[in-house]
Amino acid sequence: MRYLTSLLFACAAATAAACGDSFGLQAYRSNVVDTVSLYALSGTPVTKPSGYALLNGAVRTEQVAYFDFAFDIDTADRAVLLPTGALKLGQQSGLQLSTQAFDSLRIAPTANYHLDSAVVVHDSSVVLAHSAQVPCGNGFLTYYYAKLHVLTIDTTSTPNGRRIDFEILADLNCGFRGLEPGVPKQ
């Protein structure tokens, strides 16, 4: 346990491009920035994606068993991102607003994520996300981490409205929290 605590402390203190692998696994997936459009849970056709799974990308929440956050427009006409807890699906995933620019975020934090409440976003908002716990190859549970940058929000009821466009980078390597493009290095 002391070894794991030391490694986690070292990760938190790291300023390198990626967090070291705390579970003895190697990073093998490349972090890539992708552009995504999601449509509001309410007031859009069920054929349009409304949620995002860090591992699989954009999904329609009514048609899949798993996703990490969804998009909707609340009664005050604000764009919101909803972790699973805010949708009464269990406090599995988390979101938090960042004060840092998208390109400045190099390592995902491990604390202060909203698990059961909506996160109000605006054009240019930067949001950090973590997935539900995922098993690593050696029996440990960890999270996947991501950062996203809101590009545009359209709250109108036009055929392509009630939509959010964002860029996202997810680190899908077990035990890593690096938020820069490429394969994370230890």
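Rule-based calculations on the coordinates, nothing more; no lab input. Since the structure is predicted, the reported quantities are computational estimates derived from the model, not experimental observations. Ideal geometry is used to build each Cβ from the backbone, glycine not excepted, and the neighbour counts take in all protein chains shown.
In terms of overall dimensions, the range 2-171 has a Cα radius of gyration and Dmax of 16.3, 56 angstrom. Distance between the 7 Å Cα→Cβ label points at Arg78 and Ser104: 2.3 nm. A crude spin-label estimate for the pair Phe140 and Asn160, with each label 7 Å from Cα along the Cβ direction, gives 4.5 nm. In this structure the amide hydrogen of Leu151, modeled in the peptide plane, comes within under 5 Å of the amide hydrogens of Ser124, Asp165, Phe166, Glu167, none closer than 5 places in sequence on its chain. Rounded to the nearest whole Hz, the Karplus-based 3J(HN,Hα) values (6.51 cos²θ - 1.76 cosθ + 1.60, θ = phi - 60°) of the range 69-76 follow the sequence 7, 10, 10, 8, 10, 7, 5, 8, with x at glycine and proline. Basic side chains Lys and Arg get +1 at the Cβ, acidic Asp and Glu get -1 at the Cβ, and with that the dipole of the range 2-171 about its Cα centre reaches some 300 debye.
Please name whichever of Pro135, Phe71, Ser50 sits farthest to the positive end of the charge dipole of the chain, dipole taken about the Cα centre and charges placed at Cβ: Lys and Arg +1, Asp and Glu -1. Checking the options against the dipole of the chain, the answer is Pro135. Give me the number: length gained by fully extending Leu115 to Thr47, i.e. 0.36 nm times residue separation minus the C-alpha to C-alpha distance, one decimal in nm. Answer, rounded to one decimal: 21.8 nm. Applying 0.36 nm per residue to the separation of Leu25 and Leu97 and subtracting their alpha-carbon distance, the gain on full extension is 23.0 nm. Straight-line reach from Lys185: taking Cα to Cα under 28 Å and skipping same-chain neighbours fewer than 8 places apart, the lysines in range are Lys147.
Summing +1 for each Lys or Arg and -1 for each Asp or Glu among the other residues whose beta-carbon sits under 14 angstrom from that of Gly85 gives -1.
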